[in-house]
Amino acid sequence: MSNKMDSIVSLCKRRGFLFQSSEIYGGIQGFWDYGPLGVELKRNVREAWWRDMINAHDAYSTPEGAPSAFGMVGIEASIIMHPQVWKCSGHYDLFHDFMVDCKECKSRFRVDHIQVALASSTSGPARCETYIHNSDEAGYSGSKKKRLEKAAGEGGSVSEVSLDRYPAVLAEHGADVAGDLIPRCPVCTGELTAPREFNLMFKTIVGALGTEEDAAFLRPETAQGIFVNFKNVLDSARVKIPFGIGQIGKSFRNEITPRNFTFRSREFEQMEIEFFCHPETSQHWYKYWRDRRMKWYKELGLSEERLILREHDKAELSHYSTGTADVEYAFPFLPEGEYGELEGIAHRGDFDLRSHMEGKLDEKSDPLVLQLDADGNPKWKGSGKDLQYFDDQTRERFTPHVIEPSAGADRATLAFLCEAYTEDEAPDDQGNLQKRTLLKLNPRLAPVKAAIFPLIKKEGLPEVALGIYREMKSAGLNVVYSQQGAIGRRYRQQDEIGTPWCITIDVDSVTDGAVTIRDRDTLEQTRVPVSEVTSEIQRRLRG
Ligand code: GAP
C-alpha cells in the first residue's frame with residue numbers, strides 16, 4: 001500500500017472510523033466494523049444518496065438532460081429470498097469466479113486477476129512472467145521485465161493477457177503450456193493448481209431440518225429484491241413508467257481475494273436503483289443516469305482529476321446489456337494511472353423482468369444462461385406472473401427496459417475518505433506553522449458538524465458553550481463539546497476527523513453575546529451572535 005493509504009488506514013483505526021471485524025480473535029478477512037465516527041460518515045453517505053435520489057426528487061419537473069419527468073420510490077427487501085430468485089437471475093449458475101492456489105506459498109488468486117506477460121522471440125513464444133494487476137507486492141517489477149526482454153531478444157515482442165485467456169492466446173501461436181511458458185505464482189514463482197470454480201454466493205439453511213432442500217443464499221446484490229417487487233410497487237404506489245425504485249442494503253459475496261481495505265469485502269452495502277422505462281427511450285435514460293451519477297460524486301467532493309467515467313467496450317458487456325459505464329476513482333492504493341470501480345451504470349434491457357416471468361431467455365441470450373433439462377425444457381422456471389406494464393394512455397403492453405445505477409456505499413465512503421485526507425500546515429497557539437492532518441470532507445458527509453469549545457473552564461464560559469451544544473443537539477446536529485487542553489490542540493483533533501466548524505466561546509462572549517466560528521479548510525474566523533449560531537451552521541450545511 002502507498003504511504004498515503006497507510007496514513008489513511010492508521011487514521012481510521014486511531015480515530016474510530018474503521019476496525020477489522022472480530023479483531024480480538026485475530027480478525028476475519030473481508031469483513032469490517034465501522035466505529036463511532038465511521039458509522040456517522042457512512043450513514044451520511046447513505047442519507048445523501050437516499051435524499052438526492054429518492055426523497056428530494058421532484059416528480060413533476062424534467063431534470064436537465066432527462067427525456068421527461070419521472071417518479072422515484074424506495075423499498076427495503078429481505079436479504080434471504082426464495083432460492084428460485086437466484087436461479088432465474090442467473091446467479092446460481094453464473095455468479096462464480098475461477099481461482100488458483102499456489103502450492104508453495106498458499107496464496108490464492110482469482111484467475112482473471114493474474115496477468116501473464118508473454119515474451120515471443122522471432123521463433124515463437126519463449127517465456128512468460130505472471131503479475132497481479134494493481135499490486136505493489138506482485139506487480140510488474142523491473143526484474144520480471146528484464147527476464148522477458150532477454151527472452152524476447154532482438155526483433156521479439158512482449159504481450160500481456162489475463163491468465164483465463166492465456167491458453168487460447170498460446171494456442172493461436174501453436175504452442176503448448178509447458179516449460180518456460182507455464183504461468184507460476186506471481187508472489188513466489190511456486191507451482192499453481194489448476195483453476196477451480198467457486199460460486200460467490202454464501203449458502204445458508206432456512207428452518208430446522210437442515211437438508212439441501214432448505215438451502216438458501218445471502219443476496220449477492222440488492223437489485224433482485226427490486227425486480228421481484230416490481231409488480232407490488234406498481235400496484236401499490238400508483239407510479240407510472242418512467243420511474244425508479246431505489247434500495248440500500250447489505251449484500252454478501254464470498255470474494256476469493258478480499259483486499260485493499262474495504263474496497264473488496266465479503267459483506268458490503270449497495271445503493272441501487274432499477275429505473276424502468278419504455279424500450280424506445282431507454283438509451284436516453286441510460287445516458288441521463290450515467291451523467292447524473294457521475295455528477296453526484298463530484299458534487300460531494302471527489303475531484304475531476306481522480307474520477308473517470310469509463311464506457312465498457314463490446315467484449316466487456318454482459319450478454320443482455322447494450323451499454324455499461326463505470327464510475328471509477330483513482331484510489332491511493334492503486335498504481336499511478338489505475339482506477340477502481342465505484343459504481344456501474346448498466347442498461348439491462350428487459351433481461352431481469354423477463355427471466356422472473358418466464359425463467360427462460362430468448363435465442364439472443366447467452367447459451368450458458370439458457371439452462372435446459374434432459375427433455376429440453378427450461379431448467380429454472382420463472383414465477384409465471386405477468387411482470388409487464390400496461391400504459392393506459394397509449395393502450396400499449398410491454399416489458400419495461402431497465403437502467404441500473406449500482407453503487408457501493410463502502411466504496412463511496414472509502415473514496416470520500418481518501419479524497420478528503422490532506423496534510424498541510426497551520427499556525428499553532430503561538431502562531432508558529434505546524435504540520436496538520438485534516439479530512440476535507442464535504443460538510444454534508446462530515447461525521448461531526450461542529451465542535452463547541454469554551455476557551456477556559458471558568459467565568460461562565462462552559463455554561464454558554466453547553467447552551468449552544470444543547471441547542472444544536474436539539475436541532476438534530478451531531479456536535480461535540482470539549483473543554484480540555486489547549487485550543488490549538490482541540491482544533492487539530494477536530495480537523496483530523498473532518499469537523500467543518502469549531503465554535504469558540506471566549507471571555508468577550510459573556511458580555512457581547514457573540515462567539516467565533518472557525519472554518520476547517522480556510523481557517524477563517526467569523527464572529528456570530530450566540531442566538532444565531534445554530535441557524536448559521538444550518539445555513540452553511542445547506543451550502
Ligand atoms: N446489481 C449490479 C451489481 O451488483 P456490481 O458491479 O457487481 O453490480 C455494484 O456491484 C457495486 O457494488 C460496485 O460498483 C461496488 O461499488 C459495489 N461492490 C461490489 N462488490 C463489492 C465488494 N466485494 N466489496 C465492496 N463493494 C462491492
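Only the coordinates and a few stated rules stand behind these numbers; no lab work does. Computed from a predicted structure; not experimentally measured. Because the Cβ atoms are built from the backbone with ideal geometry, glycine has one as well, and the counts that use them run over all protein chains shown.
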Calculated from DSSP helices alone, with each H run of at least 4 adding -39500 (n - 2.57) and the total divided by the residues of the chain, [θ]222 nm to the nearest 500 comes to -8000 deg cm²/dmol
Semi-axes (Å, rounded, descending) of the ellipsoid equivalent to the stretch 481-543 per its C-alpha gyration tensor are 18, 17, 9
A correct Karplus calculation of ³J(HN,Hα) over the stretch 450-466, with 6.51 cos²θ - 1.76 cosθ + 1.60, θ = phi - 60°, whole Hz and x for Gly and Pro, returns 7, 10, 10, 10, x, 4, 10, 8, 9, 6, x, 5, x, 5, 4, 5, 5
Residue 23 neighbourhood, Cβ < 13 Å, K/R = +1, D/E = -1, net charge 0
Here the stretch 408-415 yields Karplus 3J(HN,Hα) values (6.51, -1.76, 1.60; θ = phi - 60°; whole Hz; Gly and Pro given as x) of x, 5, 6, 5, 5, 4, 5, 5
Expressed in angstrom and ordered largest first, the alpha-carbon extents of the stretch 229-317 along the principal axes are 43, 32, 30
Ranked on Cβ counts within 10 Å of their own Cβ, fewest leading, 206, 402 go 206, 402
Using eta = 0.692 mPa s and T = 37 °C, Stokes-Einstein with Kirkwood Rh from Cα pairs puts D for the stretch 98-197, in µm² s⁻¹, at 243 µm²/s
For the stretch 426-525, the convex hull over Cα atoms projects on average to an area in nm² of 6.2 nm²
Semi-axes of the stretch 1-118 from the Cα gyration tensor (sqrt of 5 times each eigenvalue, largest first, whole Å) come to 36, 27, 18
A correct Karplus calculation of ³J(HN,Hα) over the stretch 46-60, with 6.51 cos²θ - 1.76 cosθ + 1.60, θ = phi - 60°, whole Hz and x for Gly and Pro, returns 4, 5, 4, 5, 5, 5, 5, 8, 10, 5, 8, 6, 9, 7, 10
hull vol. (C-alpha, convex hull) per residue for the stretch 110-265, Å³ -> 216 Å³
Between the residues 526, 511, 469, the Cα farthest towards the positive end of the dipole of the stretch 448-542, that dipole coming from +1 and -1 charges on the beta-carbon of Lys, Arg, Asp and Glu, is from 469
Proxy exposure order for 501, 296 (fewest C-beta within 10 Å first) is 296, 501
In Å³ per residue, the alpha-carbon convex hull of the chain encloses 214 Å³
Taking Cα pairs closer than 8 Å and at least 6 residues apart, the relative contact order of the stretch 448-542 in percent is 30 percent
The pairs in 4/298; 13/298; 203/314; 87/385; 144/314 lying past 25 Å Cα-Cα in this model are 13/298; 203/314; 144/314
For the chain the mean separation of alpha carbon contacts under 8 Å (6+ apart) over residue count, i.e. relative contact order in percent, is 13 percent
The stretch 207-290: relative contact order from alpha carbon pairs under 8 Å, six or more residues apart, as a whole percent, is 30 percent
